[in-house]
1. What number results when the radius of gyration of the range 378-473, computed over Cα atoms, is divided by 2.2 N^0.38 Å?
2. Provide, in order from the shortest bin, the percent of all Cα-Cα pairs of the range 276-396 in each 5 Å bin, continuing until the bin that contains the maximum pair distance.
3. Using only the alpha-carbon atoms, how far is helix 50-71 inclined from the longest principal axis of the chain? Give it as 0 to 90 degrees, nearest 10.
4. For the range 163-285, which semi-axes, largest first and in whole Å, follow from the square roots of 5 times the eigenvalues of its Cα gyration tensor?
5. What does the accessible area of Arg317 come to, in Å² to the nearest 10, when a probe of 1.4 Å is used?
6. Provide the gained length on full extension for the span Asp421 to Arg69, in nm with one decimal, where the gain is 0.36 nm per separating residue minus the Cα-Cα distance.
7. Using just the helices of the chain, give the 222 nm mean residue ellipticity in deg cm²/dmol: DSSP H runs with n ≥ 4 each add -39,500 (n - 2.57), and the total is spread over all residues, rounded to 500.
8. Kirkwood Rh over alpha-carbon pairs of the range 236-299, then Stokes-Einstein at 10 °C and 1.306 mPa s: what D in µm² s⁻¹, rounded to an integer?
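The values are calculated or read from the model by the stated rules, or taken from the named source; none is laboratory data. It should be emphasised that the depicted structure is a prediction, and the values quoted were computed from it without experimental measurement. Using ideal geometry, Cβ is built from the backbone for each residue, glycine included, and neighbour counts are taken over all protein chains shown. Accessible surface is based on the protein model in full, side chains and every heavy atom, while ligands, DNA and RNA are left aside. Shrake-Rupley method; radii C 1.70, N 1.55, O 1.52, S 1.80 Å.
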Amino acid sequence: MRKLRAAGWAGAAVLLATAGAPAPPPAAPTSAAGTAAPTPPPAPKPLLTDAAVEKALARLDATVEDAMRRTGVPGVSVAVVHNDKVVHLKGYGLRRVGDPATVGPDTVFQLASLSKPISSTVVAATLTSPDAWDKPLAGGLPGFALKDPWVTSHVSTADLFSHRSGLPDHAGDLLEDLGYEQPYIFDHLRLEPLTPFRASYAYTNFGFTAAAEAVARAHGTSWQKLSADALFKPAGMTHTSTEFSAYAGAADRAYGHVKNPDGTWSPRFVRDADAQAPAGGVSSTARDMSRWLRLQLADGTLDGKRIVPADTLDRTRLPEIVAQARTPSGTPQFYGLGWNVSYDSAGRLRLSHSGAFDLGANTNVTMLPLERLGIVVLTNAAPVGGLPDAVALDFFDTAEHGGPTTDWLALISSVYARIDDADRSATDYAHPPAGAKPARDDSAYTGTYENPYYGPLTVTADPGGKGGLTLSLGPKPLRYPLTHYDGDTFSFVTTGENAVGRTGVTFSDGTVRVEYLDETHLGTFTQK
């Protein structure tokens, strides 16, 4: 099964943002002809006192430090905003294991999919009215098309920012992992099967990215420059960028870490997300993110200056599609424009988003706009324990109930573990079955195989004559030694952001099927 988190999935917040919250009050029904409309429910009111927020803040250091101790996450940075004031801004731990440099408020982290609500803020800043979100792309991005021409002519920025275009889950991410660049990926999304347009939700980084790039093109500029001019510069976010080079070149940066089999953490990989920058390529600091939180919680103003129109920003917070019909609390979870959207029992809007790179980043933002309260948690570790989600949930739980009502870290950690298990193949390719059939001679498998989506696949035999096959994929190409499993089935260990452990490779009548590439039935290659 394909990785659900490829560039930082919507996060455990999708599953748990409304945990413990009863369903919101129902909307007033439409009145029948000739009858008076019923009285709508009263607008929600702020419920949190300053004392309640102070109690949550007093617990925050201990929450972060305990979570770091339990997970081993090397570095964390946290910002909290309340009533337009930065009431907490602090770094914890190390920027890189083995280096004494510590994390501070100005340490640059990769945000992964926390980039999405930032990008929706950028687009909101460029629009003249909320309806502009619904303008079709209609050829605004050369090379981009979907399988259905009618959908291609009607799909809008709102459709792609809310993941309701019909593209399958994480469409295009595997192409990026294989080394293909953005133009190739946009051009090949047209081969992906579609589910019903505007009636189905599937999280797609490259659909989101295509819409953002089209907006930038409509303004005659690049996405990187548009982001800087529309948001980062006017908001004083001086250490925020959509370019990997800015993160990589930062003197004070947090290195991404992955967990080793012995439980320690190492900075073994580097994640360059330039190909999907609007969806997952932003880097920033806790201090800069506190300024963005202030802008969000003040409906687009910052330090008395209007940066984003209130109405176009407000549109990002409306439910556009049901992301999950029923959460553990029994309430639905929606997706807006770059936001997870939910409502609590008091009718209060809750906005959140998580970010995750399996190569070494995990982040969360959660806000209650009515309470003018928000938190951002940044980490430099793969999402093994879900520390950012747990810290945010613990913080709001404490503010609302005087203390945590559950062990959020244990709960979130179990959610992430279940997702990791679901991503792996049901077949244990590391252990061939008893009585496994032998493979044929290497020459029965070698050659070049073609695929319209993934490009060529080549199988070569060891030139040293010692036996063994190597499979090559992608433009570089990437090379994977094959291990025999049973008969004409082999396996290899996947790599990259979307790695799922061992995956199967089955040869049959001049074709080869790569299991982890075949979730949408595009993973069969035909011999030339």
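1. Values: Rg = 23.7 Å, N = 96, 2.2 N^0.38 = 12.5 Å.
The reported ratio for this selection is 1.90.
2. Going out from 0 Å in 5 Å bins, the range 276-396 shows 2, 10, 18, 24, 23, 15, 7, 2, 0 percent.
3. Orientation of helix 50-71: about 20 degrees from the principal axis.
4. On the way: eigenvalues 142, 101, 32 Å².
Sorted largest first and rounded, they come to 27, 23, 13 Å.
5. Surface accessible to solvent at Arg317 totals approximately 10 Å².
6. Values: separation 352, 0.36 × 352 = 126.72 nm, distance 2.40 nm.
My answer for the length gained is 124.3 nm.
7. On the way: 15 runs with 139 residues, N = 528.
Here the helix-only value at 222 nm equals -7500 deg cm²/dmol.
8. Values: Rh = 13.5 Å.
Translational D for this selection: 118 µm²/s.
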